Amino acid sequence: MLSLDKVFDAQRVLKNIVRETAVVRAYGIAPECELYLKPENLQITGSFKVRGAGYKIAMLTEEEKARGVIACSAGNHAQGVALAASKNGIKSLICLPDTAPISKVEATKGFGAEVCLVEGCYDDAYKKALELKDEMGYTFVHPFDDENVIAGQGTIALEILSQLDNIDAIIVPVGGGGLISGIAYTAKQIRPSVKVYGVQAAGAPSMFNSIHDGAIECLDSVQTIADGIAVKQPGENTFALVRDYVDDIALVTDDEVASAILALIEKQKMIAEGAGAVSVAAAMFGKFPLAGKRVVSVVSGGNIDVTSLSRVIDRGLLNSGRSSSLLIELIDKPGQLKDISRIIADCGGNVTGVHYEKGATESVHGVFLRIDMETRDFDHVKLITDSLKAEHFKLV
């Protein structure tokens with residue numbers, strides 16, 4: 001059974017495996033509250049998952065260790081299991097969905113694990129891992145629905161409560177529910193007044209739906225940039241713990257997550273993956289009653305592929321009005337581009353791309369001009385469009 005003593009034991013066992021990540025004050029991200037970040041993206045594996053995996057493997061019997069361990073993961077649990085197994089001299093095999101970022105696959109191999117790529121998402125990798133467990137006799141290390149794994153994740157709450165006084169709320173990313181189960185159980189045992197809020201991606205709302213409908217549900221599919229929490233079905237243990245100890249769960253969109261990743265980069269010089277940024281997105285976009293409160297958002301991981309990061313940054317710039325495009329219909333004659341460039345420059349915009357396109361315009365001499373720009377915000381974009389219209393340019 002999960003107990004507070006087990007969480008404290010996990011903290012003792014994990015001292016030589018995990019880092020105690022410092023709580024960091026975050027300015028300018030959620031001005032209505034006093035926001036702090038718990039940067040678990042700074043763990044050696046880039047994610048909190050090493051805590052649960054490390055404690056689970058440390059608690060195995062010698063016979064179980066001798067058989068080797070197998071796990072399934074979207075990437076972060078894989079690295080935690082690989083590192084913990086290597087430190088204990090244990091063979092590990094990890095089943096990863098073939099959609100996992102290349103960086104996570106290579107990092108898992110780098111920590112000493114053998115990797116088996118499985119077509120589909122996390123749940124498909126989970127089924128494959130169970131098949132191989134039965135076939136080869138491995139010891140299975142569940143990514144979230146295990147009391148020792150949950151106890152390991154609960155050590156984050158012990159650190160937060162010892163590092164910061166007078167906390168009103170902790171916001172936690174939710175996939176299968178192991179992280180929030182450990183944090184909520186531990187926080188409520190020590191300081192019941194602290195609110196614990198969970199956040200899921202709108203494209204993978206398995207725990208959200210299950211809690212609101214009062215029973216565990218399985219999604220047909222999941223689709224989100226927060227691949228680390230793209231789980232179709234929560235666990236039995238985690239569902240019960242979330243139901244009993246978590247105050248509320250909210251959903252964030254991929255656009256909100258992208259904006260949070262960009263805000264963390266710009267304002268905190270911190271890299272978070274989609275799953276790690278959902279807690280910050282919830283604070284940024286007012287998903288919970290946080291005004292005037294002292295709040296900690298757990299940034300659960302930072303293992304984002306560089307290519308994905310580039311796309312997310314572009315999306316975040318578009319969503320905040322920092323990057324924009326205009327499509328202008330005009331008559332093809334000399335001087336048009338010069339006049340448009342002058343208007344944009346006078347408004348303080350920066351042209352980054354010009355694309356000349358022939359199309360079905362009203363005039364046989366008509367063309368479309370697509371202008372890409374760097375702008376300050378949506379008000380700045382409106383200033384530019386209003387100025388173009390004032391000089392009789394037709395925006396499409």
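The values are calculated or read from the model by the stated rules, or taken from the named source; none is laboratory data. All of these numbers come straight from a predicted model, not from anything done at the bench. Reconstructed Cβ throughout: ideal geometry from the backbone, glycine too, with neighbour counts over all protein chains shown. Please note that ligands, DNA and RNA were not included when accessible areas were found on the heavy atoms of the full protein model with its side chains. Shrake-Rupley method; radii C 1.70, N 1.55, O 1.52, S 1.80 Å.
Key figures
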| read-out | value |
| --- | --- |
| Helical mean residue ellipticity (222 nm; -39500 (n - 2.57) per DSSP H run of 4+; nearest 500) of the chain | -13500 deg cm²/dmol |
| Spherically averaged projected area in nm², based on the convex hull that wraps the Cα atoms of segment 150-228 | 5.8 nm² |
| Accessible surface, segment 170-228, averaged per residue in Å² (probe 1.4 Å) | 33 Å² |
| Heavy-atom accessible surface of the chain: percent carbon and sulfur, 1.4 Å | 49 percent |
| LYS333 paired with SER3, simple spin-label distance in nm, labels 7 Å along Cα-to-beta-carbon | 8.8 nm |
| The chain: angle of helix 274-284 to the longest principal axis, Cα-based, in degrees nearest 10 | 70 degrees |
| Peptide ranges 260-271, 333-344, 170-181, 108-119 listed from the most packed, as the mean C-beta count within 10 angstrom indicates | 170-181, 260-271, 108-119, 333-344 |
| Correct choice for semi-axes √(5λ) of the Cα gyration tensor in Å that was computed from the model, options [x] 37, 23, 20; [y] 35, 28, 17; [z] 45, 24, 17 | [z] |
| FRET efficiency, 1/(1 + (r/R0)^6) with R0 45 Å, evaluated for ARG370 and ALA240 via beta carbons | 0.25 |
| For segment 290-396, accessible area per residue (1.4 Å probe, heavy atoms of protein chains only), Å² | 56 Å² |
| FRET efficiency, GLU131 to ASP248 (Cβ-Cβ, R0 30 Å, nearest 0.05) | 0.20 |
| Antiparallel bridges, percent of DSSP beta bridges restricted to the chain (to nearest 5) | 40 percent |
| Sites ALA22 and PHE378 - FRET efficiency at Förster radius 30 Å, r taken between beta-carbons, to 0.05 | 0.30 |
| Dipole magnitude (debye, nearest 20) for the chain, charges at Cβ of Lys, Arg, Asp, Glu | 980 debye |
| For the chain, built as a Gaussian network whose Cα springs stay under 10 Å, the top-fluctuating residue of LYS65, LYS287, LYS358 | LYS358 |
| Alpha-carbon radius of gyration plus Dmax, which is the widest Cα pair, for segment 69-191 in Å | 15.8, 51 |
| Tensor-based shape of segment 249-396 (alpha-carbon gyration tensor, a/c under 1.5 rounded, otherwise prolate or oblate) | prolate |
| For segment 232-273 and segment 191-229, distance of Cα centres in Å | 9 Å |
| Length released on extending from ARG294 to THR352, taking residue separation times 0.36 nm less the Cα-Cα span | 16.8 nm |
| Dipole in debye (nearest 20) - segment 321-361, about Cα centre, beta carbon charges: Lys, Arg +1; Asp, Glu -1 | 100 debye |
